[in-house]
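The values are calculated or read from the model by the stated rules, or taken from the named source; none is laboratory data. Given the structure is predicted, the values throughout are model-derived calculations rather than measurements. Here the Cβ positions follow ideal geometry from the backbone for every residue, glycine too, while neighbour counts run over all protein chains shown. Only protein heavy atoms, including side chains, enter the accessible area calculation; ligands, DNA and RNA are left aside. Shrake-Rupley method; radii C 1.70, N 1.55, O 1.52, S 1.80 Å.
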Amino acid sequence: MPFIRPRTARWQRLLARRNSRFAGPFRARGLVVSSRTMNIYSSRPVVLCLSGHDPSGGAGLQADIEALLAQGCHAAPTVTALTVQNTVDVSDFRVLDREWVMAQANAVLSDSPVAAVKLGMLGSLEMVATVVELLQAHPHLPLVCDPVLRAGGGGRLGKDEVGYAMREQLLPLATIATPNLPEARILAELPEGTADECAQKLLPFCRNLLITGGHGDEDEIHNRLYSRDGTRHTFKCQRLPGSYHGSGCTLASALAGRLAQGENLVSAVQTALNYTWRTLRDAEQLGQGQFVPRRLPLDFCS
């Protein structure tokens, strides 16, 4: 039998002295170090995510968690709905009870210093009203609203009336909304509207609006940022082949993470768009349908 050194008082003192030699450099980098542990880091910004669960892991709350982790943030996921979907399409969903959603979110808000909020799938008029009530109690928090009305495969994740309720009640509370062009057309009630036309209709409800492109056949995608004060920015990127499951969730969560980190809006939009494009470039085909973004941390997405 091998000899096992007993943990005497002298042995414990030697161990503590050895660990203390490593504490200085780590403490200088913002780490809290003791003689018993060396893996307690200073806090990351907490982002509260209210969205649906996607069992395929491509979109929804898992996309939020992965994208926020990549921005150096901690995601606090509150489940608003359960879906039956995969990389091909969504076949059903169930919105959770108001009390459950409020209890989840308030448990986080009463405990952690939330730095931003990201909204995704809500799914019903009652859930829109629930989230409005929740957010009105915390008007200081930056809010990124991703008005999810369709899955990547085209299946509905809520009736158009849910979009209209979001337009009237949630967009006025949002720092920025991030619809793609088909979603912007639903919100603006302009079935064939251009991005400019949709923005003109929606800006009275929302301070800032990012309408993403990519749903046509153009070689160069234009993502357009509109602000109520009249400023406008266009961000261009190369079209990638294929279609993707969870790209909108990735973008909105990355943007919420950049805002939580204190980045100004225009820079945060640019960073989030660049990050999202790289996750699509490196996407994986995990099923028989759309590609799933590979949401690696920023340092690995060069």
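Would you point out which residue out of THR234, THR250, THR212 is modelled with pLDDT of 95 or more, of a type in the set (S, T, N, Q) and closer than 24 Å to MET127 by Cα? Talk me through it step by step, then tell me what you get.
Numbers: THR234 fails: closer than 24 Å to MET127 by Cα; THR212 fails: closer than 24 Å to MET127 by Cα.
Selected residue: THR250, the only one of THR234, THR250, THR212 that is modelled with pLDDT of 95 or more, of a type in the set (S, T, N, Q) and closer than 24 Å to MET127 by Cα.
Which ranges mark the helices (runs of 4 or more DSSP H) fully within the range 187-302 that have 1 or more residues being surrounded by fewer than 17 Cβ atoms within 10 Å (Cβ to Cβ)? Steps first, please.
Values: elements: 195-202, 247-260, 265-281.
Answer list for the range 187-302: 195-202, 265-281.
Given the condition buried (at least 23 other Cβ atoms within 10 Å of the Cβ) and part of a strand (DSSP E or B), answer yes or no: does some residue in the range 85-92 qualify?
Within the range 85-92, the first condition is being buried (at least 23 other Cβ atoms within 10 Å of the Cβ), and the residues that meet it are 85, 87.
Within this subset, residues satisfying the condition of being part of a strand (DSSP E or B) are 85.
Yes, that holds for at least one residue.
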- line: Going through the range 202-226 in order, the residues found to be touching a Cys at 6+ places or on another chain (Cβ under 9 Å) and acidic (Asp, Glu) are GLU220
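Matching residues to (1) in contact (Cβ under 8 Å) with a residue 12 or more places away in the chain; (2) over 29 Å from SER43 (Cα atoms); (3) under 17 Å from the mean Cα position of the chain (by Cα); (4) assigned to a loop (DSSP other than H, G, I, E, B):
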{"residue": "ALA107", "(1), (2), (3), (4)": "no, no, no, no"}
{"residue": "ASP111", "(1), (2), (3), (4)": "no, no, no, yes"}
{"residue": "LYS118", "(1), (2), (3), (4)": "yes, no, yes, no"}
{"residue": "GLU126", "(1), (2), (3), (4)": "yes, yes, no, no"}
{"residue": "VAL131", "(1), (2), (3), (4)": "yes, no, yes, no"}
{"residue": "LEU134", "(1), (2), (3), (4)": "yes, no, no, no"}
{"residue": "HIS140", "(1), (2), (3), (4)": "no, no, no, yes"}
message: For the range 40-69, give me each residue that is open to solvent by less than 10 Å² (accessible area, probe 1.4 Å) and of a type in the set (S, T, N, Q).
response: SER51
message: I'd like to check something: does the range 146-153 contain any residue that is charged (D, E, K, R) and closer than 27 Å to PRO45 by Cβ?
response: yes
query: Is there any pair with a first residue in the range 39-50 that is modelled with pLDDT of 95 or more and a second that is assigned to a loop (DSSP other than H, G, I, E, B) and open to solvent by 90 Å² or more (accessible area, probe 1.4 Å) whose Cβ atoms are under 8 Å apart and which are 6 or more apart or on different chains, and what are they?
result: VAL46/PRO113
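Step by step: first the residues of the range 110-133, then only those that are touching a strand residue (DSSP E or B) at 6+ places or on another chain (Cβ under 8 Å) and closer than 15 Å to ARG98 by Cβ, then the one that is surrounded by the most Cβ atoms within 10 Å (Cβ to Cβ). Which residue is that?
We begin by selecting, within the range 110-133, every residue touching a strand residue (DSSP E or B) at 6+ places or on another chain (Cβ under 8 Å); these are 112-124, 126-127, 131.
Within this subset, residues satisfying the condition of being closer than 15 Å to ARG98 by Cβ are 122-124, 126-127, 131.
Details: LEU122: 30, GLY123: 25, SER124: 20, GLU126: 15, MET127: 24, VAL131: 26.
Applying the filter and picking the extreme gives LEU122.
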field: Condition check for SER253: touching a residue at least 60 places away in the same chain (Cβ under 8 Å), of a type outside the set (A, V, I, L, M, F, W, C) and in contact with a Cys (Cβ under 8 Å, 6 or more places away or on another chain)
entry: yes
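Restricting attention to the range 155-183, and to residues there that are modelled with pLDDT under 90 and in contact with a strand residue (DSSP E or B) (Cβ under 9 Å, 6 or more places away or on another chain), which single residue is most open to solvent (accessible area, probe 1.4 Å)?
In the first step, residues of the range 155-183 are kept if they are modelled with pLDDT under 90; the result is 155-161.
Next cut, in contact with a strand residue (DSSP E or B) (Cβ under 9 Å, 6 or more places away or on another chain) only: 155-158.
Details: GLY155: 11, ARG156: 128, LEU157: 10, GLY158: 4 Å².
So the residue we want is ARG156.
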Selection within the range 57-81 - over 20 Å from GLN261 (Cα atoms), assigned to a loop (DSSP other than H, G, I, E, B) and either free of Cβ contacts under 8 Å to residues at least 12 places away in the same chain or touching a strand residue (DSSP E or B) at 6+ places or on another chain (Cβ under 6 Å) (or both): GLY58
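Quickly run through the range 185-210 and pick out the residues that are of a type in the set (A, V, I, L, M), in contact with a Leu (Cβ under 7 Å, 6 or more places away or on another chain) and more than 20 Å from VAL117 (Cα to Cα).
Residues of the range 185-210 of a type in the set (A, V, I, L, M): 186-188, 190, 195, 199, 202-203, 209-210.
Of the ones still in play, those that are also in contact with a Leu (Cβ under 7 Å, 6 or more places away or on another chain) are 186-188, 195, 199, 202-203, 209-210.
Hits for the range 185-210 are ILE186, LEU187, ALA188, ALA195, ALA199, LEU202, LEU203.
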- prompt: If you go through the range 158-201, how many residues are of a type in the set (Asp, Glu) and in contact with an Asp or Glu (Cβ under 7 Å, 6 or more places away or on another chain)?
  reply: 0
